[in-house]
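What follows is a single structure, written as structure tokens, with notes after it.
The values are calculated or read from the model by the stated rules, or taken from the named source; none is laboratory data. Note that the structure is a prediction, hence the values are computed from the model and not measured. Every residue, glycine among them, receives a Cβ derived from its backbone with ideal geometry; neighbour counts consider all protein chains shown. Note: accessible area is taken over every heavy atom of the protein model, side chains too, but ligands, DNA and RNA are not part of it. Shrake-Rupley method; radii C 1.70, N 1.55, O 1.52, S 1.80 Å.
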Amino acid sequence: MGRYVARRLLQMIPVFIGTTLLIFIMVNVLPGDPVRALWGDKPPDPAQVAQIRHDRGLDLPLWQQYLHYMGGLLQGDFGKTIAGNRPVLDEITQAFPVSMRLASMAWTFELIVGITLGVLAGIRRGRFVDNTVTLFTLLVISVPIFVVGLLCQLFFGNELGWITPTVQDSENMGQLLVPAIVLGMVGLAYVARLTRTSIAENRQADYMRTAVAKGLPRQRIITRHLLRNSLIPVVTYLGTDVGTLMGGAVITEGIFNVTGVGNLLFQALARREGAVIVGVVTVLVLVYLAASLIVDLLYAVLDPRIRYA
Amino acid sequence: MRGAKSAKWVAIAGVVALTATACGGGSDSGGNSGKVDPKGIVSYANGEPQNALQPANTMEAYGSVVINSLFTGLVNYDKQGNITYENAESVTPDKDNKVWTVKLKPGWKFHNGEAVTAKSYVDAWNFAANPANGQQNSGWYRDIVGYDKVHPEKGKGTGKTMSGLKVVDDNTFTITLNSGIPYYAYKLVYAPFYPMPSAALKDPKTYGEKPVGNGPYKLKSWDHKKSIKVTAWSGYKGEKKPKNGGIDFKAYTTPQAAYNDLRSDNVDTMPLIPDSELANFKQDFGDRAIEQDFSAINTVNPAFYSKAFKDVDVKVIQGLSMAIDRDTIAKTTFAGTRESASGWVAKGVKGYKAGACGEFCKFNPKKAKQFVKDGGGIPGNKITIQYNADQPHKGWVTAVCNSITKSTGVKCTGDPTTDFQADTEIRDKKQVKAMYRSGWVLDYPFNGNFLADLYGTGVDGNKGGFSDKKFDELTKKADAAKTIDESAELYNEAEKQLVNTFPGIPLWYNKTLSAYSKNVKHVQFDQAGDPILTDIEVFKK
């Protein structure tokens, strides 16, 4: 177990270097010069452009920029933004807690509601509950997230006035509730479907028949035997979804004006803020890696036959 | 002209514009008591400023609106484009318009109690002109003698102060220009010409977070990416004292989010209605919808270095211009929120005269076809119009192209670039394939700003490689005029000369489209598209 974790942690290093390098290169080959763009429609000032490029190290060759960047990163320095010359770390530490809150609310929502719906549907396969759940999840998956978001905003915000149309304070959990539900919607549908299929399949398994034959209480059969064995694909999905929820909230955060990671990333791309993009993605990669490690370790808990030597 | 207001591109790129005819303002609608609370706070949908808040380092709209609330400059202008005096008692040129003497109104103070003196201005400008201080708008001082020593195009400067700036006494200073400019006072309206207190120059970084100005409002707090709060300042000596208690500039990440909040009265006003709501904002807001003229113009410009337009006969461009059905496109694509242009100068500026473009800006498909044919046509019979796809330009570009193709048979297609950065890069590098879309918001309300700064040979704003000796001579003559009025008149002559060369095809004048919540009244925008914040009144809750 310990060796397995150590090996996994070591594997993270090349993945980490690879992704940052890729993003770094991609940001740099995008057309358009972020320094020039500071002047918008108007002609830039050559002396100032040169000054800014020099200040931010943008006049160095790409490989040197990358080495500088990685060197800084190891010391916790994420560099400075091109516009405003602010530390990127400040931007990140401002945006991540907001997204983490939003993502964890969405994640909890899809976990609880998704698994519950999935179990109900799986146990009563082909019956009314199952059909309803299938229809509902199909609907959620096929309607784009921004439609759901905008509809919620217009209906609950502008028409009914139950919520303010946008989030006024990104640190207020109550205000984040609706965006979190919208964000968790798609994941919820997948979790419900995965759970349903897996439950429906395992219900036919030999150990289930044995458990029933032993006369175990129904409650115990479902939670200890059926659910535990059926959760592996669901846990895999939920694990990787943590990362998706963090970084993939661009649309939801945009609609509800939540100043989280998705928004930060979107603005940074629009302004070609290389340091911010690479910085945010770096942290997201770490979140992904950590989440997938935890998922892999959880397998063993769920199914002791899976062992890590 | 270099610089300033540029972050305005945020606005013009997407949208619409407008000056002050005011169909907004005024109505006391809504479920309020109708009583005004002079301490009420106005919330304004803004965004996070790009840079620290130093007057000469703020070019984009989000920062400018805050800076303009904190500072009052020497002069300003009214709706007719005439200069009004603010912190200055007088700004007078010598007979050549070369040496300008500025006299300040005595007794003005900064928010921190320091007196506003001639030195506050001279020191601030010298500070900002120095490239080492990284002030983006420093190009605005280039008319002043000695600027090139402090801020050469390349390499290190040889001086720290501009020799053209002299403090005479506490309330007087002089500005000496490289050459006479009759309308120089207009330039002094802009943010880089605001004064700064001495503490700002000692610690510009702290100052950028907590700017101290001499304007109607003083900074209360800046909560990054959330809001900037300013409160009315009781020590303000200017004419336009705030009729409200302060402004809360809320940071929104999209105009759509702001619009939805505005509909629910969670924010009081916003700079521009998003394009997706143009068709219904008047219905949503009724008499709280604002539609005003805005001194900005949209054009499509030929790249005179491209294959298509290299040795083109001007008749071809005139023909293309006549092939565009401006009125119909304004009505359909823009839901009637733009107005067909009849010249190269936007409405609401000094020297604007309708009809400079004459019959060539009127839709006439028959003549259009004939002109293109007589002019020898276009190589390959094909043109493209370059635009940035990150803003809603596709619709109208397609419409313009269809109109051209239908009338003249010249095949026209849109040429999208991924975003505005990529678009400007291609323009700067002179790689436009045929034509590109362009928009210009006034720097100052004077017709010369739309002419010499865009179509003069080799000037920075001239991206199409246009050059016409006769036009250059006319603008030079206009710059040498003795008075503003005379200069505007001469610039009008220069504009008429453009008919013979057609460096750009005028399309539409913009409008400012906005709206306000049920909590406030008297919301108006000036001809640069900026809200007049001090006039807004808040209802008692």
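Quick look at the values:
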quantity: Top-ranked residue in region B:28-38 [being of a type in the set (D, E, K, R) and either in contact with a helix residue (DSSP H, G or I) (Cβ under 6 Å, 6 or more places away or on another chain) or surrounded by 12 or more Cβ atoms within 10 Å (Cβ to Cβ) (or both); ranked as modelled with the lowest pLDDT]; calculated: B:Asp28
quantity: Out of A:Ala103, A:Ala83, sole residue that is of a type in the set (Gly, Ala, Ser) and modelled with pLDDT of 90 or more; calculated: A:Ala103
quantity: Residues that are closer than 25 Å to B:Tyr455 by Cα and either within 14 Å of chain A (Cβ to nearest Cβ) or aliphatic (A, V, I, L, M) (or both), drawn from region B:393-414; calculated: B:His393, B:Val397, B:Val400, B:Ile404
quantity: Residues within region B:421-437 that are within 8 Å of chain A (Cβ to nearest Cβ) and either assigned to a loop (DSSP other than H, G, I, E, B) or among the hydroxyl-bearing types (Ser, Thr, Tyr) (or both), tallied; calculated: 1
quantity: Verdict on A:Gly114 being among the small types (Gly, Ala, Ser) and touching a residue at least 24 places away in the same chain (Cβ under 8 Å); calculated: yes
quantity: Failed item in (1) farther than 29 Å from A:Gly161 by Cβ; (2) at the interface with chain A (Cβ under 9 Å from one of its Cβ atoms), with B:Thr254 passing the rest; calculated: (1)
quantity: Options B:Gly213, B:Gly235: the member that is loosely packed, with under 15 Cβ neighbours inside 10 Å, more than 14 Å from chain A (Cβ to nearest Cβ) and among the small types (Gly, Ala, Ser); calculated: B:Gly235
quantity: Matching residues in region B:355-409 - criterion: being part of a loop (DSSP other than H, G, I, E, B) and of a type in the set (Phe, Trp, Tyr); calculated: B:Phe363
quantity: Output for region B:268-287, where each listed residue is farther than 19 Å from A:Cys152 by Cβ, crowded, with 19+ Cβ neighbours inside 10 Å, over 22 Å from the mean Cα position of the chain (by Cα) and not basic (Lys, Arg); calculated: B:Asp268, B:Phe281, B:Phe285
quantity: Only listed residue being surrounded by fewer than 24 Cβ atoms within 10 Å (Cβ to Cβ), of a type outside the set (Asp, Glu), within 14 Å of chain B (Cβ to nearest Cβ) and out of contact with any Cys (no Cβ under 7 Å at 6 or more places or on another chain), chosen from A:Gly262, A:Gly274, A:Gly254; calculated: A:Gly254
quantity: All helices (runs of 4 or more DSSP H) inside region A:16-81 with 2 or more residues being in contact with a His (Cβ under 9 Å, 6 or more places away or on another chain); calculated: A:46-55
quantity: Matching entry among B:Thr176, B:Thr206 (being within 14 Å of B:Lys98 (Cα to Cα) and among the β-branched types (Val, Ile, Thr)); calculated: B:Thr176
quantity: Qualifying residue in region A:39-52 (condition: crowded, with 16+ Cβ neighbours inside 10 Å and within 30 Å of A:Val287 (Cβ to Cβ)); calculated: no
quantity: Of all residues in region B:441-485 being more than 16 Å from the chain's Cα centre (by Cα) and closer than 19 Å to B:Gly348 by Cβ, the one that is surrounded by the fewest Cβ atoms within 10 Å (Cβ to Cβ); calculated: B:Asp485
quantity: Number of positions in region A:167-213 that are open to solvent by 50 Å² or more (accessible area, probe 1.4 Å), part of a helix (DSSP H, G or I) and of a type outside the set (D, E, K, R); calculated: 12
quantity: Selection within region A:25-59 - farther than 29 Å from B:Gly63 by Cβ and modelled with pLDDT of 85 or more; calculated: A:Ile25, A:Met26
quantity: Checking B:Asn492 against (1) at pLDDT below 90; (2) more than 28 Å from B:Met59 (Cβ to Cβ), the condition it does not meet; calculated: (1)
quantity: Every residue from region A:151-166 that is facing another protein chain (nearest Cβ under 9 Å), surrounded by 18 or more Cβ atoms within 10 Å (Cβ to Cβ) and closer than 18 Å to A:Ile251 by Cβ; calculated: A:Gln153, A:Gly157, A:Pro165, A:Thr166
quantity: Every residue from region B:162-189 that is closer than 16 Å to B:Asn137 by Cβ and open to solvent by 10 Å² or more (accessible area, probe 1.4 Å); calculated: B:Val189
quantity: All positions within region B:397-431 that are touching a residue at least 12 places away in the same chain (Cβ under 8 Å) and within 22 Å of the chain's Cα centre (by Cα); calculated: B:Asp419, B:Phe420, B:Ala422, B:Asp423, B:Arg427, B:Asp428
quantity: The listed residue being part of a helix (DSSP H, G or I), under 23 Å from B:His393 (Cα atoms) and among the β-branched types (Val, Ile, Thr), out of B:Ile324, B:Ile317, B:Ile290; calculated: B:Ile317
quantity: Candidates B:Lys103, B:Lys109, B:Lys79 - the one that is under 17 Å from B:Tyr236 (Cβ atoms), out of contact with any Leu (no Cβ under 8 Å at 6 or more places or on another chain) and surrounded by 15 or more Cβ atoms within 10 Å (Cβ to Cβ); calculated: B:Lys109
quantity: Subset tally (residues that are of a type in the set (A, V, I, L, M, F, W, C), more than 17 Å from B:Asp479 (Cβ to Cβ) and more than 14 Å from every other protein chain (Cβ to nearest Cβ)) for region B:147-184; calculated: 5
